Every structure is written in structure tokens, then in C-alpha cells.
Amino acid sequence: MLARANINKEKAGPAAANVTFVESQITAVNLPDGVGDCIISNCVVNLVPEAEKQLAFNEMARLLKPGGRVALSDILTKKELTPELKESIALYVGCIAGASQVADYERYLKAAGFGDVLIVDAKNDLNIYTAALDNPNSAAGGCCGDVKEPEPTPCCGPTPAKLERGPGIFSEGFKADFKNVDFNEWAGSFKIYAVKN
């Protein structure tokens, strides 16, 4: 991931002169206190083990200047998951099994020193996990939204490859195990906003 990011930085040239990539654990980022105005995260925190999630929010608060903001997009659960859902590796990789409840994120943020907490259900359809098995070339995508078709490139650029999708981590066995599960009943894609006090 860092190699690809650095390639993109080089392609951007002087416009990216102020960009630096730092590899660290989410619970112990190798940067000084109060360096950021905003932290943006897309479907990452839900993959942090539950016992370490408060540490991740504490680290966000440490990194932000007073008045700094977080803008997260994450899968959260609406109620306690069944053991079958919690123990599914496919659902963990798909961001559902490791997700916290909505109330937990509010508690974590407040305990880390954030205020003005706003958590909004984006109403994305989480049943895309099984829908993608019925139509592998659909735009059904990741945990926080659909996969988009590639944009056309300028006249002199390379022609984009056609987007093709296989079942990925979701097999026919997954479909059989969870065919009667409405994932939207259990979880949702949420937008989470807060301001450091």
C-alpha cells in the first residue's frame, strides 16, 4: 500500500511536495501530539479488535489540534450480533463481524475527549454481500459503498480495463449459511463526525 501511495505521489509531482506517508499502528501513530486538523478514515476502525478501539479513538484525539475534527465512515451494528455472525471470517473481512454498536462509538469518542458527536446511518444496502454472489459483475462493492465503474481516460491515456468481479471472499457456502439473513437489520454503514474539545 505504501509503495503504491509513493508511486502516486511521484506522479503528482510538485503538487504533492507536502505529502508524507507514515507507517504505524492505528493505536500508536508515529507523529507528535496535535499535528492534525482533520482525521479521515474509511472502513478501518471497525477492523481494530474491540479491546483496542478506545485506544484508536484516544490516538485520534492525541493527534488532533484543539477543535480538530474526525470524519469516519464505518460499519456499525444496530444490535448485538449472534455468535454465528460474530465468528464468520467472511463477515469479519467484510467489516460486519468486527463492528461495534453505534452507542459504543459515541462512548469511545466522548471518553477520548470529543464533543459534537454526530453518527448518521448512510442507508447503504449491506445485503450487497449476497447480491454480489448472484451477479458477480454487479457494482456491489465494499463495506461503505458500491464499487464504481472506471472513469474514461483522456484521449492520450490508457484504456481502462473492464471492471470484472468474482465472488471474492464470499462463496456459495457463505450464501447458503446466510441466505435468510437481512444484514441491514443487524448493521449499517455510518458516517461519524466529532470535534476535539
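The values are calculated or read from the model by the stated rules, or taken from the named source; none is laboratory data. Bear in mind the structure is a predicted one, so any value in this text is a computation, not a measurement. Heads up, the Cβs are rebuilt from the backbone with ideal geometry, glycines too, and the neighbour counts pull from every protein chain shown.
Going by what's in this entry, would Asp33 be described as in a strand (DSSP E or B) and in contact with a helix residue (DSSP H, G or I) (Cβ under 9 Å, 6 or more places away or on another chain)?
Numbers: in a strand (DSSP E or B): no; in contact with a helix residue (DSSP H, G or I) (Cβ under 9 Å, 6 or more places away or on another chain): yes.
Against the criterion (in a strand (DSSP E or B) and in contact with a helix residue (DSSP H, G or I) (Cβ under 9 Å, 6 or more places away or on another chain)), Asp33 does not qualify.
Name every residue in region 56-81 that is under 15 Å from the mean Cα position of the chain (by Cα) and not acidic (Asp, Glu), in order of residue number.
Ala56, Phe57, Val70, Ala71, Leu72, Ser73, Ile75, Leu76, Thr77
Any residue at all in region 103-124 that is surrounded by 11 or more Cβ atoms within 10 Å (Cβ to Cβ) and either over 27 Å from Asn197 (Cβ atoms) or modelled with pLDDT under 60 (or both)?
Yes; the residues of region 103-124 include at least one that is surrounded by 11 or more Cβ atoms within 10 Å (Cβ to Cβ) and either over 27 Å from Asn197 (Cβ atoms) or modelled with pLDDT under 60 (or both).
Can we say Lys191 is of a type in the set (Lys, Arg), at pLDDT 90 or above and in a strand (DSSP E or B)? Quick ask: steps written out before the conclusion?
Numbers: of a type in the set (Lys, Arg): yes; at pLDDT 90 or above: yes; in a strand (DSSP E or B): yes.
Judged against the criteria, Lys191 is a match.
Taking the criterion of being modelled with pLDDT under 95, out of contact with any Pro (no Cβ under 7 Å at 6 or more places or on another chain), under 21 Å from Asn124 (Cβ atoms) and part of a helix (DSSP H, G or I), would at least one residue in region 46-66 satisfy it?
Taking every residue of region 46-66 in turn, at least one turns out to be modelled with pLDDT under 95, out of contact with any Pro (no Cβ under 7 Å at 6 or more places or on another chain), under 21 Å from Asn124 (Cβ atoms) and part of a helix (DSSP H, G or I).
Among the residues of region 6-21, is any farther than 20 Å from Lys123 by Cα and in contact with a Leu (Cβ under 7 Å, 6 or more places away or on another chain)? Give the steps one after another, and end with the answer.
Step one: list which residues in region 6-21 are farther than 20 Å from Lys123 by Cα, which gives 6-21.
Still in the list and also in contact with a Leu (Cβ under 7 Å, 6 or more places away or on another chain): 21.
Looking for residues that are farther than 20 Å from Lys123 by Cα and in contact with a Leu (Cβ under 7 Å, 6 or more places away or on another chain), one finds at least one in region 6-21, hence yes.
Say we look at region 18-30 and pick out the residues that are hydrophobic (A, V, I, L, M, F, W, C) and at pLDDT below 95; which of these is nearest to Glu52 (Cα to Cα)?
Checking each candidate, the answer is Val22.
Those residues that are of a type outside the set (Lys, Arg) and surrounded by fewer than 16 Cβ atoms within 10 Å (Cβ to Cβ), I need them from region 59-95; list them, please.
Those that are of a type outside the set (Lys, Arg) and surrounded by fewer than 16 Cβ atoms within 10 Å (Cβ to Cβ): Pro66, Gly67, Ala71, Glu80, Thr82, Pro83, Glu84, Glu87, Ile89, Val93.
From the set of residues in region 23-47 that are without any contact (Cβ under 8 Å) to a residue 24 or more places away in the chain and closer than 21 Å to Ser73 by Cβ, which is surrounded by the most Cβ atoms within 10 Å (Cβ to Cβ)?
Gln25
Kindly list, by first and then second residue, each pair from a residue in region 70-88 that is in contact (Cβ under 8 Å) with a residue 40 or more places away in the chain and of a type in the set (S, T, N, Q) to a residue that is surrounded by fewer than 20 Cβ atoms within 10 Å (Cβ to Cβ) and not in a loop (DSSP other than H, G, I, E, B), limited to pairs with Cβ atoms under 7 Å and residues at least 6 apart or on different chains.
As it stands, the answer is Ser73/Asn42; Ser73/Lys191; Thr77/Gln101; Thr77/Trp186, since those pairs meet every condition given.
Going residue by residue through region 1-19, is there one that turns out to be part of a loop (DSSP other than H, G, I, E, B), touching a helix residue (DSSP H, G or I) at 6+ places or on another chain (Cβ under 7 Å), closer than 26 Å to Ile75 by Cβ and of a type outside the set (Asp, Glu)?
No, every residue in region 1-19 fails to be part of a loop (DSSP other than H, G, I, E, B), touching a helix residue (DSSP H, G or I) at 6+ places or on another chain (Cβ under 7 Å), closer than 26 Å to Ile75 by Cβ and of a type outside the set (Asp, Glu).
Exactly one condition in (1) in a loop (DSSP other than H, G, I, E, B); (2) surrounded by fewer than 15 Cβ atoms within 10 Å (Cβ to Cβ) is not met by Gly98; state its number.
(2)
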